[in-house]
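As structure tokens, the structure follows; a few thoughts come after it.
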Amino acid sequence: MIILSPSILGADFTKLGEQVAEVDKAGAQYIHLDVMDGAFVPSISFGMPVIKSLRPVTDRVFDVHMMVEEPGRYVEDIKKAGADLICVHQEACLHLDRTIAQIREAGLQTGVALNPATPVETLDVILPEVDMVLLMTVNPGFGGQKFIPYTVEKIKKLRAMCSERGLSTRIEVDGGITPDNVRTVLEAGADVIVAGSAVFKGNPAGNVKTFLNIFQEFEQG
Ligand code: DX5
Ligand code: ZN
């Protein structure tokens with residue numbers, strides 16, 4: 001099944017709860033929460049209090065994307081705030097195996113993220129240990145950037161790596177995804193689609209439906 005994970009970074013923060021409820025009701029299966037520390041990425045976004053305050057609003061999967069140096073320091077706190085899945089950057093973890101094990105031992109789904117310039121071959125060893133790989137399709141740090149076309153080859157390569165090993169690892173793509181380019185990433189093998197601006201600008205419920213219709217067409221076609 002193809003999953004839509006609206007990134008709340010694109011939402012109107014003055015009505016965050018309402019907008020999360022709206023995309024849930026429209027059928028988005030995950031909610032993507034971008035935590036930024038101003039060190040791993042230039043910007044600072046939000047952390048535990050925001051995640052915690054949104055938890056009662058929806059039962060959807062909280063897909064927490066940690067753009068944070070040494071995110072292992074926060075696994076327990078992010079779990080307590082309400083995460084279902086924690087995704088950490090390979091580039092931000094000196095001991096990636098330990099951090100992934102910490103997430104798994106906390107009872108959460110595990111994810112590892114790669115920046116656009118990090119090759120998928122770096123996942124060779126850790127791949128069987130994670131539920132999901134997040135491939136960044138822009139440089140992390142800001143919403144509303146332009147999709148980087150060379151990342152499509154990375155999605156294809158990673159899907160082939162997973163298939164060769166009989167793994168059904170989810171591949172999430174994040175950054176610059178719109179209804180116009182989403183088919184390209186689906187064809188390449190992505191199955192969890194993050195969209196910030198393309199969901200929250202204009203009519204969030206309508207935008208969610210547009211994505212879900214494209215997914216349905218893709219799955220049937
Ligand atoms: C960027 C974040 C993304 C971002 C996506 O660093 O990881 O999740 O919110 O926003 P759009 O879809 O607008 O590129
Ligand atoms: Zn993200």
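Of Lys52/Lys201; Lys15/Lys80; Lys15/Lys79; Lys146/Lys201; Lys80/Lys201; Lys15/Lys52, which pairs sit farther than 26 Å apart, going by alpha carbon to alpha carbon? In this structure, Lys80/Lys201 exceed 26 Å between Cα atoms. The modelled label-to-label distance for the pair Lys146/Ala117, using points 7 Å beyond Cα in the direction of Cβ, is 1.8 nm. For region 1-97, the dipole from Cβ point charges (+1 on Lys and Arg, -1 on Asp and Glu) about the Cα centre works out to 300 debye, to the nearest 20. Using the Cβ-Cβ distance between Arg183 and Glu69 with R0 set to 35 Å, the FRET efficiency from 1/(1 + (r/R0)^6) comes to roughly 0.50. Rolling a 1.4 Å probe over the protein heavy atoms gives the chain an accessible area of 44 Å² per residue.
Farthest toward the positive end of the dipole of the chain, out of Gly27, Val68, Ile171, is the Cα of Gly27, where the dipole comes from beta carbon charges about the Cα centre. Using the empirical formula 2.2 N^0.38 Å as the baseline, the Cα radius of gyration of the chain reaches a ratio of 0.93. Only protein atoms count toward the accessible area here, which uses a 1.4 Å probe; on region 74-215, the carbon and sulfur part of that area reaches 51 percent. Each peptide in 35-41, 53-59 receives the mean, over its residues, of other Cβ atoms within 10 Å, and ordering these scores from highest gives 35-41, 53-59. Taking 0.36 nm per residue of sequence separation and removing the Cα-Cα distance, the Arg55/Asn203 pair yields an extension gain of 51.0 nm.
Relative to the Cα centre, the charge distribution of the chain, modelled as +1 at Lys and Arg Cβ and -1 at Asp and Glu Cβ, gives a dipole magnitude of about 300 debye. Here the alpha carbons of region 73-157 define both size measures, Rg and Dmax, at 13.4, 37 Å. Near Ser7, the amide H atoms lying under 5 Å from its own belong to His32, Ala195, Gly196; only residues 5 or more places off or on other chains count, and H is placed 1.01 Å from N.
When the Cα positions of Leu54, Leu85, Thr210 are compared along the charge dipole of the chain, Thr210 comes out farthest toward the positive end, with charges on each C-beta of Lys, Arg, Asp and Glu. On the beta carbon distance between Glu153 and Glu217, with R0 = 35 Å, the FRET formula returns roughly 0.90.
The values are calculated or read from the model by the stated rules, or taken from the named source; none is laboratory data. As the structure is a computational prediction, the values presented were derived from the model and not from experiment. Here Cβ is always computed from backbone atoms with ideal geometry, including for glycine, and neighbour counts include all displayed protein chains. To get the accessible areas, we keep the full protein, side chains included, count just its heavy atoms, and leave off ligands, DNA and RNA. Shrake-Rupley method; radii C 1.70, N 1.55, O 1.52, S 1.80 Å.
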